[in-house]
Amino acid sequence: MTTLLSPDVEANPLEDARTQLASAIELLGYDDGIYQMLATPRREVTVTIPLRRDDGTVEVLVGHRVQHNFSRGPAKGGLRYSPDVTLDEVRALAMWMTWKCALLDVPYGGAKGGVRIDPRHYSQAELERVTRRYTSEISPLIGPERDIPAPDIGTDERTMAWMMDTYSVQTGHTVLGVATGKPIALGGSLGRATATSRGVVHIALAALADRGIVPAGATAAVQGFGKVGRYAARFLAEAGLRVIAVSDQYGGVADEAGLDVPALEAHVDATGSVVGFAGGDAIDGNDLLELPVDLLVPAAVEGVIHRGNAHRIQARIIVEGANGPTTPEADAVLAANGCLVAPDILANAGGVIVSYFEWVQANQAYWWSADEVELRLAERMGQAWESVSAHAARLGVPLRAAATALAVERVAQAHLLRGLYP
Ligand code: NAD
């Protein structure tokens, strides 16, 4: 994962995740045995995926599924399609899922999957074959009581429909609870598609209030305009903020007066990128991170705020829509500069909360209204913010340290109560 980094800064999400875990273990006073157990995934599988291309040639792809922990319940985590996928990246993302589920008190452990592929270069029919073969290869490991995938970078509700169908065909009956983030017509939950972004905005508004900043007219920049960034920008604008810059992997656009987000969304639907939007000036995607804004929402990939640029970040608040956008070295610089960082495992947990609601609805075959989903999401995000900020104040540590400590403690408690088998 090197996309956004200066040449001297290499992203290493697994190292970052282990550093965060080590700090939590120290804060909690646990021994090295607990660290070793939690630093290592319980189970991981690497599969090869032979793909018949539309032109008749065969290409062999590589995929992973990592299950980091099951102490509190079945594993849960997204599936990523990206040319940058590595086993270490998937391990880090699986570990963060364990903390996120524990922090939000949903009854899951953590998992993550990835296939090394750039989906933009493949047809829908090819992506369907990749998804079905990958699902078939990992099918002994997944299931509603074992491990429940969901969309992540480069995958969507269509991907989850193919996964659910492939698993169901192999099982011999329809198993709606095997994946979340499915289409509404196929057992998806109302509110799931926007849940991560709604959660990001709940946390952003709480963080603004914490810093005494009124949302109306406050400035925001959003990196990434996919499933998370797009709706985050929309909901921030609806809450009265001025979204002055957004970017995607192709470039960025900015307007000090505030971008017209619905018009920008229409431009992205028509062209596939924010680049070329007439309602703003072109900016470099990296420069977006360094704008003097009240709120910065990184919603793209890991490791974008690092030791090479942390001292140039001027945002007063960072709310992490992406997983792992800030390295531990950058965290220390941001804390010293008084920047409030709402960490990924708290800020982007809205997705897994409504995934949990989707799984509950699928298992009970009983559907909730959109209002019920959004009310329960708001309640859970609010409670999590309160408990993390109170814990941070009690311990005198940043929000990430407090959130990770709360989560690790819950996982370790579950592990110790279950005991070590044999
Ligand atoms: P996505 O594939 O829908 O969108 C990713 C966006 O990031 C795209 O707009 C892409 O162009 C952009 N991007 C990629 N590289 C970039 C770069 N170098 N600079 C600027 N933009 C870049 O993915 P997503 O589901 O929105 O996921 C984004 C992040 O949020 C990931 O870290 C993911 O793990 C995390 N996340 C997603 C969910 C979810 O429900 N989808 C939940 C929790 C966390």
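The values are calculated or read from the model by the stated rules, or taken from the named source; none is laboratory data. What you see is a predicted model, and the numbers here were worked out from it, not measured in a lab. Methodologically, a virtual Cβ is constructed for each residue, glycine included, from the backbone with ideal geometry; neighbour enumeration extends over all protein chains shown.
The set of residues in segment 361-415 being farther than 25 Å from residue 317 by Cα, touching a residue at least 12 places away in the same chain (Cβ under 8 Å) and in a helix (DSSP H, G or I) consists of 361, 362, 363, 370, 373, 376, 409, 410, 411, 412, 414, 415.
Scanning segment 126-151 for residues that are touching a Pro at 6+ places or on another chain (Cβ under 8 Å) and part of a helix (DSSP H, G or I) yields a count of 2. So how many residues does segment 99-128 have that are crowded, with 19+ Cβ neighbours inside 10 Å and over 21 Å from the mean Cα position of the chain (by Cα)? Number satisfying all stated conditions: 2.
Suppose the filter is more than 19 Å from the chain's Cα centre (by Cα), modelled with pLDDT of 95 or more and either surrounded by fewer than 16 Cβ atoms within 10 Å (Cβ to Cβ) or within 15 Å of residue 17 (Cα to Cα) (or both); does residue 54 pass it?
Values: more than 19 Å from the chain's Cα centre (by Cα): yes; modelled with pLDDT of 95 or more: yes; either surrounded by fewer than 16 Cβ atoms within 10 Å (Cβ to Cβ) or within 15 Å of residue 17 (Cα to Cα) (or both): yes.
Spelling it out, residue 54 is indeed more than 19 Å from the chain's Cα centre (by Cα), modelled with pLDDT of 95 or more and either surrounded by fewer than 16 Cβ atoms within 10 Å (Cβ to Cβ) or within 15 Å of residue 17 (Cα to Cα) (or both).
Just to be sure I understand, how many residues within segment 328-360 are outside any helix (DSSP H, G or I) and within 16 Å of the ligand (Cβ to nearest atom)? Here the count works out to 5. Across segment 270-308, the qualifying residues are those that are in a helix (DSSP H, G or I) and farther than 25 Å from residue 340 by Cβ, and the one among them that is farthest from the ligand (Cβ to nearest atom) is 270. Remark: residue 422 matches the filter, which requires a residue to be modelled with pLDDT under 95 and more than 16 Å from the ligand (Cβ to nearest atom).
Selection over segment 213-228 of residues that are more than 13 Å from residue 295 (Cα to Cα) and of a type in the set (Gly, Ala, Ser) gives a count of 2. In segment 162-188, the residues that are without any contact (Cβ under 8 Å) to a residue 24 or more places away in the chain and within 17 Å of residue 131 (Cβ to Cβ) form Cβ pairs under 6 Å with partners that are outside any helix (DSSP H, G or I) and hydroxyl-bearing (Ser, Thr, Tyr), at six or more places apart or across chains, as follows: 168/174.
Considering segment 261-279 alone, what residues qualify as being at negative phi and in contact with a Gly (Cβ under 9 Å, 6 or more places away or on another chain)? Spell out the reasoning first.
Residues of segment 261-279 at negative phi: 261-271, 273-275, 277-279.
Matches in segment 261-279: 263, 264, 267, 273, 274, 275.
Comparison of 180, 135, 166, 171 shows that the only residue that is in contact with a helix residue (DSSP H, G or I) (Cβ under 6 Å, 6 or more places away or on another chain) and surrounded by fewer than 24 Cβ atoms within 10 Å (Cβ to Cβ) is 166.
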